[in-house]
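What follows is a short report on a single structure.
Bear in mind that the values in this text are calculations on the coordinates, not laboratory data. Because the structure is predicted, anything quoted here is derived from the model rather than measured. When we count neighbours, we look across all protein chains shown, and the Cβ atoms used for this are built from the backbone with ideal geometry, even at glycine.
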């Protein structure tokens with residue numbers, strides 16, 4: 001091998017699950033992830049900020065939208081032992097990993113399923129909805145998403161989002177327009193956590 005040649009890729013190692021542990025909302029978890037899922041090597045800063053400021057009741061019936069491999073929904077389920085968390089994602093690989101992570105962490109009051117937003121979930125109502133909003137989508141898509149969440153929340157139900165801080169003004173306007181209210185929970189350097197409540 002010449003001095004400038006790169007060593008061959010260890011494909012077998014790359015195909016193995018990425019495994020790490022972390023503590024979220026006071027609970028310890030083991031996560032298995034893989035390349036191609038969002039933030040596969042560690043909990044991202046936005047999710048960590050959201051969970052630091054999220055209030056969960058012991059009996060909340062929650063939905064985690066865009067669950068990825070499951071950290072938000074798993075933390076909610078552990079914090080709501082008398083409740084339940086439905087975790088949804090439009091990526092079948094994410095759903096597969098989320099369900100596997102629920103099983104390996106012994107969480108039986110949550111499940112992950114394939115759905116484009118709330119479009120494919122069974123008819124039901126929630127007291128809590130949570131999402132780490134993707135930055136790269138259209139405002140039209142956000143509005144459809146927010147109206148769907150409004151339709152699925154119980155009166156008094158809360159909707160928490162974390163979003164890049166550059167979108168915080170849009171989120172404020174959209175929440176007031178759709179829900180009639182908006183509360184900025186925490187603005188960090190890169191991310192902002194906001195909440196709306198269904199009247």
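Taken over segment 133-157, residues that are in contact with a helix residue (DSSP H, G or I) (Cβ under 6 Å, 6 or more places away or on another chain) and in contact (Cβ under 8 Å) with a residue 60 or more places away in the chain amount to 0.
The single condition among (1) surrounded by 21 or more Cβ atoms within 10 Å (Cβ to Cβ); (2) part of a loop (DSSP other than H, G, I, E, B) that residue 108 does not satisfy is (1). Just one of the numbered conditions (1) assigned to a loop (DSSP other than H, G, I, E, B); (2) surrounded by 14 or more Cβ atoms within 10 Å (Cβ to Cβ); (3) out of contact with any helix residue (DSSP H, G or I) (no Cβ under 8 Å at 6 or more places or on another chain); (4) free of Cβ contacts under 8 Å to residues at least 40 places away in the same chain is not true of residue 95; which one? Status for residue 95: all satisfied but (1). Among the strands (runs of 3 or more DSSP E) confined to segment 127-199, the ones with at least 2 residues that are surrounded by 21 or more Cβ atoms within 10 Å (Cβ to Cβ) are located at 153-164, 191-197. Scanning segment 40-54 for residues that are surrounded by fewer than 16 Cβ atoms within 10 Å (Cβ to Cβ) and over 25 Å from residue 183 (Cβ atoms) turns up 41, 42. Residues that are more than 14 Å from the chain's Cα centre (by Cα) and at positive phi within segment 87-123 comprise just one, 106. Scanning segment 69-92 for residues that are closer than 15 Å to residue 25 by Cβ, surrounded by fewer than 24 Cβ atoms within 10 Å (Cβ to Cβ) and in contact with a strand residue (DSSP E or B) (Cβ under 9 Å, 6 or more places away or on another chain) yields a total of 4.
Kindly indicate whether any position in segment 23-31 is crowded, with 23+ Cβ neighbours inside 10 Å, touching a residue at least 24 places away in the same chain (Cβ under 8 Å) and either within 18 Å of residue 125 (Cα to Cα) or in contact with a helix residue (DSSP H, G or I) (Cβ under 9 Å, 6 or more places away or on another chain) (or both). Within segment 23-31, one or more residues are crowded, with 23+ Cβ neighbours inside 10 Å, touching a residue at least 24 places away in the same chain (Cβ under 8 Å) and either within 18 Å of residue 125 (Cα to Cα) or in contact with a helix residue (DSSP H, G or I) (Cβ under 9 Å, 6 or more places away or on another chain) (or both). If I filter segment 55-68 for residues that are surrounded by fewer than 17 Cβ atoms within 10 Å (Cβ to Cβ), out of contact with any helix residue (DSSP H, G or I) (no Cβ under 7 Å at 6 or more places or on another chain), assigned to a strand (DSSP E or B) and without any contact (Cβ under 8 Å) to a residue 60 or more places away in the chain, do I get at least one hit? No. Summed over segment 1-37, residues that are in a loop (DSSP other than H, G, I, E, B) and touching a strand residue (DSSP E or B) at 6+ places or on another chain (Cβ under 8 Å) total 3.
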